[in-house]
Amino acid sequence: MCDTLILSDLHLGSEISRARDAMRMLKQSSFRRLILLGDIFSDLNFGRLKKEHWQFLGYIRKLSNPKRQVEVVWVEGNHDRGLTEVMSHLVGVNVYQEYSWEYSGMRHLAIHGHQFDRFVINNLLLSRLGTLMHIRLQKIQGKPFARLLDRLNTRWLRLSSKVSSGAVSHARFRQAGRVFCGHTHAPMHIEKDGIQYFNAGSWTDSRPTFVTIGEEGVHIHEYHEHEYDERPDDCDPSEERSESDSAVISFAGEAGLLEDAEYEGVGS
Ligand SMILES: [Mn+2]
């Protein structure tokens, strides 16, 4: 059992989202707190979500049930900006711009990281267009091309060093000893001026990563499919099975999200 598990940049709605694997990993991990560290969605067009993307959201909703005694925290990223209302409605979790907590006598801080990326800040409209173009191209060219694009895009946004230095300054300002970001899609750990910086990586790549914080410290883990059960869906106790696909689809319908299928991501 770890205290906190952090995953970021799942990009639900994208062709290359590893939603099924992320759910598999979560189901077989135990933690007191889960932090979804931004860009869990690729954009706010819910019509693009596939069955396994809805299943992931259904699982998050189930985890956030108070009976489970797991605290689920959603920290907003640049791709999922403006989700506060929808998410509290849809999956019953609170959305934060940044989240801090105390653990082993130290302040911890989780923030997506685009705040330290001047390109995103100055070019929100441009990056919105880029996202739309990215999705169009994915549709035309299929997965391998989307992967290449993702890599280029990641390199384009390769602000690993900008994000890490911005995050460290921000952590100092907030008097935190450890700071956690996503956004760059590049898992990373550095220490600067006595502040530990960790990047949780992404779940869109061939090497998904996540972070755990526990008594033994902070670790960045790489997800390997073979280390997890092949068909966790079939091994679940009956309680797990009650969340059928139709239940997931119906809660999406209740939230009025499926009718938004034509929504073209008009910026908020
Ligand atoms: Mn981001």
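Six or more apart or on different chains, Cβ under 8 Å: which pairs go from a residue in segment 80-100 that's under 16 Å from L63 (Cβ atoms) to one that's modelled with pLDDT of 85 or more and of a type in the set (D, E)? Could you list them?
Final answer for the pair search is V95/E76.
Is there a residue in segment 54-68 that is away from the ligand (no atom under 15 Å from the Cβ), within 21 Å of R107 (Cβ to Cβ), touching a residue at least 24 places away in the same chain (Cβ under 8 Å) and of a type outside the set (S, T, Y)?
No; the residues of segment 54-68 include none that is away from the ligand (no atom under 15 Å from the Cβ), within 21 Å of R107 (Cβ to Cβ), touching a residue at least 24 places away in the same chain (Cβ under 8 Å) and of a type outside the set (S, T, Y).
Just checking, does segment 197-216 include any residue being of a type in the set (V, I, T) and surrounded by fewer than 17 Cβ atoms within 10 Å (Cβ to Cβ)?
Within segment 197-216, not a single residue is of a type in the set (V, I, T) and surrounded by fewer than 17 Cβ atoms within 10 Å (Cβ to Cβ).
Determine which single condition A110 fails, assuming it passes every other condition in (1) within 14 Å of the ligand (Cβ to nearest atom); (2) at pLDDT below 95; (3) crowded, with 19+ Cβ neighbours inside 10 Å.
(2)
So, restricting to helices (runs of 4 or more DSSP H) that lie completely within segment 1-105, which ones have at least 2 residues that are crowded, with 19+ Cβ neighbours inside 10 Å and under 14 Å from the mean Cα position of the chain (by Cα)?
It comes to 19-27, 51-63.
Out of segment 3-29, which residues are more than 16 Å from the ligand (Cβ to nearest atom) and either modelled with pLDDT under 95 or over 20 Å from F198 (Cβ atoms) (or both)?
Residues satisfying the conditions are E15, A19, R20, D21, M23, R24, K27, Q28.
The values are calculated or read from the model by the stated rules, or taken from the named source; none is laboratory data. As the structure is a prediction and not an experimental result, all values here were calculated from the model. In this analysis, Cβ positions are derived from the backbone assuming ideal geometry, glycine residues included, and neighbour counts consider all displayed protein chains.
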